[in-house]
Amino acid sequence: MATVSSITGAKELERVLKKLPGRLAERELVSAARAGANVIRKEARARAPRGSDPSAASAKFGPLHKNIRVARVKKTAFSVEMAIHNGRAFWGSFLEFGKLGKSGTPWFTPALDSTAQPALARVGERLGKGLEKVARELAGPLSKISKSTRRRL
């Protein structure tokens, strides 16, 4: 089962981001994307198979659930791609998809399916807070002026 997610208002958001200084927009965009990916990572770690007897690979590279990581893969002017991967725990893919003669038992795909919408909500929430923070930084001393004084300006 595929997960399809959509974000409304992306064009308006891009216009707002273009008006911000490059480093500030990039910082908040990366922070928001990482926050959303962390929601999925947490669920994937919870669903990752755990054996009662650690394998040789698990002893060498660490248990699968501790190897699940978030990494920034690609960044352009106004987009960021994050990857959630199983690090050095190569056997996580075998468990998910199977290998020759043995079928897999999905654990990562259900984690993604169940947390896609909450992750998008977290991205939106973090991006909103980040843009407010950037606006305060850009306003500088004006952000400390009372509302009645601002109305007179």
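No value in this document is a laboratory result; all are computed from the given coordinates. What you see is a predicted model, and the numbers here were worked out from it, not measured in a lab. Positions of Cβ are generated from backbone atoms using ideal geometry, with glycine treated the same way; all protein chains shown enter the neighbour counts.
The protection proxy used here, the mean number of other Cβ atoms lying within 10 Å of each residue, ranks peptides 35-48, 98-111, 60-73 as follows, highest first: 35-48, 60-73, 98-111. Across every direction, the projection of the convex hull enclosing the Cα atoms of segment 22-128 has a mean area of 7.8 nm². When you restrict to C-alpha pairs under 8 Å that are six or more residues apart and normalise by the size of segment 22-128, the relative contact order lands at 37 percent. Amide H contacts of residue 98 (H built 1.01 Å from N, in plane; Pro and chain starts excluded): 104, 105 sit under 5 Å, all sequence-distant by 5 or more or on other chains.
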